[in-house]
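See structure below.
The values are calculated or read from the model by the stated rules, or taken from the named source; none is laboratory data. Since the structure is predicted, the reported quantities are computational estimates derived from the model, not experimental observations. All Cβ positions, glycine included, derive from the backbone under ideal geometry; neighbour counts span all protein chains shown.
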Amino acid sequence: MSEKISVFGTGYLGATHAACMAELGHMVLGVDVDEAKLSKLNAGEVPFYEPELEEVLQRNIAAGRLRFTSSYEEAADFADVHFIGVGTPQKKGEFAADMKFVDAVIETLAPLLTRPAVIFGKSTVPVGTAERLALRARELAPAGDDVEVAWNPEFLREGFAVKDTLHPDRLVLGVDRNRPGRAEEVARDVYAQLLDEEIPFLVTDLATAELVKASANAFLATKISFINAISEVCEAAGADVTVLADAIGHDARIGRKFLNAGIGFGGGCLPKDIRAFMARAGELGADQALTFLREVDNINMRRRTRMVELARESCGSLLGARVAVLGAAFKPNSDDVRDSPALNVAGQIQLQGAAVSVYDPKAMDNSRALFPTLSYANTALDACEEADVVLVLTEWQEFSKLQPADLDAVVAKKVIIDGRNCLNPSQWRAAGWTYRGLGRP
Ligand code: UGA
């Protein structure tokens, strides 16, 4: 059955969820406070780079199933099923997550709910949030106890957001076990097509659903930091972490995915989520359980420093050196530069006196806004012009396909450092280049 749905927040998560729910045949209203974003979305334009999303957005706007508004009144009037997809960034100067955007949705929406409604939270939140919000929503809503809050965490990856939303590995729904309501029934209706495809659907209590999400991201971060720690040992021992990862990855219990050593994880999720998880565990008196995440964070940040050191070693001194940086996004197929290891490295190198020229296929505007003092080139080749060293910091296909011959005549010195281990060392060495990778001899 087609449902009427509202989705609060139109960032990477919210805009994707809204468009994909319309793609499933529902009538969807996306809600945000940012008028500039709304007018883009209403015109069928995605305000960020996400492959496939624009087509889904345009198709569903044209079909009359999807539109966007800033009006909470309109949303409360239109839908009885609401999804929260706003951000939960790290608080300034603290590890904890800032809940002001999630709280604002409930504070604004709940007083407008005069009919029974189900609110599904999708944002990544500290365990205990759903229970707190449910109580607050019941207090504020004219419909009172007929307003339910359930938690339906999102596991989508940027760059694969549409595919991950329409064909997720699993659906998780946390419901209030003490107040049996309609949330599961409504979720089964909303996700009927996915359930027909036999996508696993796990119904849990609220706290478990919140913790599933925090644990999933903590595990992924730990897996990346594990291989990056091993890569430090490989560097010390003269071994090759990429071959090692292939070899241990053949063990199905370990698996090869998320074992790519390099300059580590960044983005708007993993770094802040592991910190928020530690902070929340501390509040619950279980801080010892997650102290290892502090080390996961340290290992990750050390990789950035190591990359700067390698650049310095290769130039002798960074003062006055010309450094080409290929990649600014926190990973390929994204224009997201939030806590991007690539931009962080570029910034550190510039602060040490080098002239840094950055190029990224999609993240130029976001990079300029975040780091206006770096210089930006129009193409990869322009960035490499007269460079003393070329750093590959995001493994865009455009960079991993680069051939030594493309750069031979462009650079001042044939030195390349592969921060993502995405190039073939023997090919570059055979062409007379000095090649350095992370965790490789
Ligand atoms: C991550 C999770 O993978 C999603 O499941 C989750 O839904 C999302 O956070 C979220 O909480 O919203 P995302 O931030 O889009 O997704 O990016 P990932 O693909 O997880 O990559 C994160 C970082 O790890 C990137 O900087 C990437 O370059 C790095 N990475 C990844 C490695 O350094 N090595 C790897 O082997 C894999």
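I'm checking my understanding of the structure. Among residues of region 154-185 that are small (G, A, S), farther than 18 Å from T129 by Cα and touching a Ser or Thr at 6+ places or on another chain (Cβ under 7 Å), which one is modelled with the lowest pLDDT?
Residue satisfying both the conditions and the ranking: G159.
Output the residues belonging to region 148-162 that are over 18 Å from R188 (Cα atoms) and either over 15 Å from the mean Cα position of the chain (by Cα) or among the β-branched types (V, I, T) (or both).
Listed by number, the list holds a single entry, V162.
Being more than 18 Å from F330 (Cβ to Cβ), touching an Asp or Glu at 6+ places or on another chain (Cβ under 9 Å) and modelled with pLDDT of 95 or more narrows it down to one residue among R302, R256; which is it?
None of the others qualify; the one that does is R256.
Checking P168 against (1) in a helix (DSSP H, G or I); (2) within 12 Å of the ligand (Cβ to nearest atom); (3) of a type outside the set (S, T, N, Q), only one condition comes out false. Which one?
(1)
Every residue in region 78-97 that is touching a residue at least 12 places away in the same chain (Cβ under 8 Å), more than 22 Å from Y12 (Cα to Cα) and surrounded by fewer than 18 Cβ atoms within 10 Å (Cβ to Cβ), please.
Scanning region 78-97 gives a single hit, E94.
Give the residues of region 243-267 that are under 30 Å from N366 (Cβ atoms) and more than 11 Å from the ligand (Cβ to nearest atom), sorted by residue number.
none
Residues that are of a type in the set (G, A, S): which helices (runs of 4 or more DSSP H) entirely in region 221-319 hold 3 or more of them?
241-249, 270-283
Can you find, within region 213-222, the residue that is nearest to A183 (Cα to Cα) among those that are surrounded by fewer than 18 Cβ atoms within 10 Å (Cβ to Cβ) and within 11 Å of the ligand (Cβ to nearest atom)?
Applying the filter and picking the extreme gives A216.
How many of the residues in region 139-165 are more than 21 Å from E55 (Cα to Cα) and more than 12 Å from the ligand (Cβ to nearest atom)?
Summing the residues that are more than 21 Å from E55 (Cα to Cα) and more than 12 Å from the ligand (Cβ to nearest atom) in region 139-165 gives 14.
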